[in-house]
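J.: Let me give you the structure first, and then I'll get to my questions.
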Amino acid sequence: MASITKGILGPFKGTVGTVVGSNWRGIDYMRSRSGKRSGLPSPAQLDQQAKFSAMRKLLQNMKAVMEVGFGHSGNQQTPINSALSYNLKNAISGNYPDPTIQFNMLLIS
């Protein structure tokens, strides 16, 4: 159930039918409710999920450093997302099920 806090034309928070309303970093938005996944993930999806998971686990342990190092990247991303994006493109290799992190290419600031 959704709650409307600023009148009928204002933003809402929650779910109304197939529409979800929320607020992220001061921005009110609406999106459609996600559907159920059908079928198994493809090999390319499994590869990307493994790389994302490995990099996310590494960077999550250095979150405080990432917020300082990537805090002023000049885009709309959070510092951890900016660091994740860069390092997924440049500092990871290998394929599912064993992606490897290239520590000499890892950027933390």
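J.: So the check is Cβ under 6 Å with 6+ separation or different chains; which pairs have a first residue in the range 14-33 that's open to solvent by 90 Å² or more (accessible area, probe 1.4 Å) and a second one that's among the aliphatic types (A, V, I, L, M) and assigned to a strand (DSSP E or B)?
T.: Once the first residue is open to solvent by 90 Å² or more (accessible area, probe 1.4 Å) and sits in the range 14-33, its partners that are among the aliphatic types (A, V, I, L, M) and assigned to a strand (DSSP E or B) give Met30/Val19; Arg31/Val20; Arg33/Val20.
J.: Now, a different point. Considering each residue of the range 54-85, count those that are loosely packed, with under 15 Cβ neighbours inside 10 Å, assigned to a helix (DSSP H, G or I) and not basic (Lys, Arg), and give that number.
T.: Number of matching residues: 5.
J.: Got a sec? Which of Arg37, Arg33 is farther than 25 Å from Asn95 by Cβ and of a type in the set (Lys, Arg)?
T.: Answer to the check: Arg33.
J.: Give the residue that is least open to solvent (accessible area, probe 1.4 Å), with candidates limited to residues of the range 34-53 that are assigned to a loop (DSSP other than H, G, I, E, B) and of a type outside the set (Gly, Ala, Ser).
T.: Taking the range 34-53 as the starting set, the residues that turn out to be assigned to a loop (DSSP other than H, G, I, E, B) are 34-42.
Restricting the remaining residues to those that are of a type outside the set (Gly, Ala, Ser) gives 36-37, 40-41.
Working: Lys36: 201, Arg37: 146, Leu40: 161, Pro41: 44 Å².
Checking each candidate, the answer is Pro41.
J.: Could you check the range 34-48 and list, in sequence order, the residues that are touching a residue at least 40 places away in the same chain (Cβ under 8 Å) and not acidic (Asp, Glu)?
T.: Pro43, Leu46 - these are the residues of the range 34-48 that are touching a residue at least 40 places away in the same chain (Cβ under 8 Å) and not acidic (Asp, Glu).
The values are calculated or read from the model by the stated rules, or taken from the named source; none is laboratory data. Small disclaimer: the values here were computed from a predicted structure and weren't measured. For neighbour counting, all protein chains shown are included, and Cβ atoms are generated from backbone atoms with ideal geometry for every residue, glycine included. Side chains are part of the model used for accessible areas, which takes the heavy atoms of the whole protein and leaves out ligands, DNA and RNA. Shrake-Rupley method; radii C 1.70, N 1.55, O 1.52, S 1.80 Å.
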